[in-house]
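Asker: Submitted below is the structure of interest, expressed as structure tokens.
What follows draws every value from the coordinates through simple rules; no lab data is involved. For clarity, every value in this text was computed on a predicted model and none was experimentally measured. Cβ coordinates were reconstructed from backbone atoms using ideal geometry, including for glycine residues, and neighbour counts include every protein chain displayed.
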Amino acid sequence: MTDKVPMTKLGYERLEEELKTLKSVERPAVIKAIAEAREHGDLSENAEYTAAREKQSFIEGRIQELEDKISRAEIIDVSALSGKDIKFGATVTLIDDDTEEKVTYQIVGEDESDIKAGLLSISSPLARALINKTVGDTVEVVTPKGGKGYEVAKVAYL
């Protein structure tokens, strides 16, 4: 039994798009590059051939990884969720206990996370601390820079 991989619909579509590009654009291009490099003769001293083979290995590995994640995807329709408790897909506004600064994050799947874009991985320490909390609750999180405290100011499902 393999574990399901939670992700939003948008995250799933991005993985599918990347897979499609790798299969229809990147893979044929690297196969062509390998064929061209072979025509240059001695493969043992052919840097173009070696580089193309390394790229092909990376592409094939990424294709396998994406196919695995897509096959195990559990697409969560965030727009159908509601409630006061923080769950996967929630958009959460937090107030930093030290600075009073507000930050807003959406809790998303690992492959979708982009902290600069406000997308917080479900497996991150902060997201794990937030799960099942509600407005007014406080959370303490150990970060690489030390402990941080936040108060939950708002929970929404957009």
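Asker: Please state the relative contact order of region 78-156 as a whole percent: Cα pairs under 8 Å, 6+ residues apart? Provide the component values of the computation, followed by the final result.
Answerer: Values: 156 pairs, mean separation 27.4, N = 79.
Averaging sequence separation for qualifying contacts and normalising by length gives 35 percent for region 78-156.
Asker: Residues with beta-carbon under 12 Å from that of E101, excluding E101: net charge, scoring Lys, Arg +1 and Asp, Glu -1? Provide the component values of the computation, followed by the final result.
Answerer: On the way: positive: K102, K148; negative: D96, D97, D98, E100, E151.
The answer is -3.
Asker: On to the next question. Any chance you could list P(r) for the chain, counting all Cα-Cα pairs in 10 angstrom bins from zero, rounded to whole %?
Answerer: Reading the bins upward from 0: 10, 29, 23, 17, 13, 6, 2.
Asker: So if I take the centroid of the Cα atoms in region 70-101 and the same for region 20-50, what is the distance between those two points in Å?
Answerer: 43 Å
Asker: Now for a separate question. Could you please report the charge total around S44, scoring K, R as +1 and D, E as -1 over all other residues with beta-carbon less than 13 angstrom from its beta-carbon? Each step should come with its number before you reach the end.
Answerer: Values: positive: R38, R53; negative: D42, E45, E48.
In short, -1.
Asker: Output the pairs from K32/K69; K4/K84; K9/K133; K9/K84; K9/K102; K102/K154 with a Cα-Cα distance over 18 Å in this structure; if there are none, say none. Intermediate results must be reported in sequence, preceding the final value.
Answerer: Numbers: K32/K69 28 Å; K4/K84 25 Å; K9/K133 24 Å; K9/K84 22 Å; K9/K102 27 Å; K102/K154 10 Å.
K32/K69; K4/K84; K9/K133; K9/K84; K9/K102, as the Cα separations exceed 18 Å there.
Asker: Let me ask another. Over 20 Å apart: what share of the alpha carbon pairs of region 5-76 falls there, rounded to a whole percent?
Answerer: On the way: 1072 of 2556 pairs.
Cα-Cα pairs in region 5-76 separated by more than 20 Å: 42 percent.
Asker: Still on this structure: With Cβ to Cβ distances under 14 Å as the rule, what net charge do the other residues near I75 carry (K, R +1; D, E -1)?
Answerer: Numbers: positive: K4, K9, R14, K69, R72; negative: E13, E16, E74, D77, D111, E112.
Around I75, the surrounding residues sum to -1.
Asker: Pick from E18, E101, E60: which is most flexible by mean-square fluctuation in a GNM of the chain where alpha carbon atoms under 10 Å apart are linked?
Answerer: Per the Cα network of the chain with a 10 Å cutoff, E101 tops the list.
Asker: Only helical DSSP H runs with n ≥ 4 go in: add -39500 (n - 2.57) per run for the chain, normalise by residue count and round the 222 nm mean residue ellipticity to 500 deg cm²/dmol.
Answerer: Details: 4 runs with 56 residues, N = 158.
When only DSSP H runs of four or more count, the value is -11500 deg cm²/dmol.
Asker: What number in nm² do you get for region 1-40 if you take the convex hull of its Cα atoms and divide its surface by four?
Answerer: Numbers: hull surface 17.0 nm².
Across all orientations, region 1-40 yields a mean hull projection of 4.3 nm².
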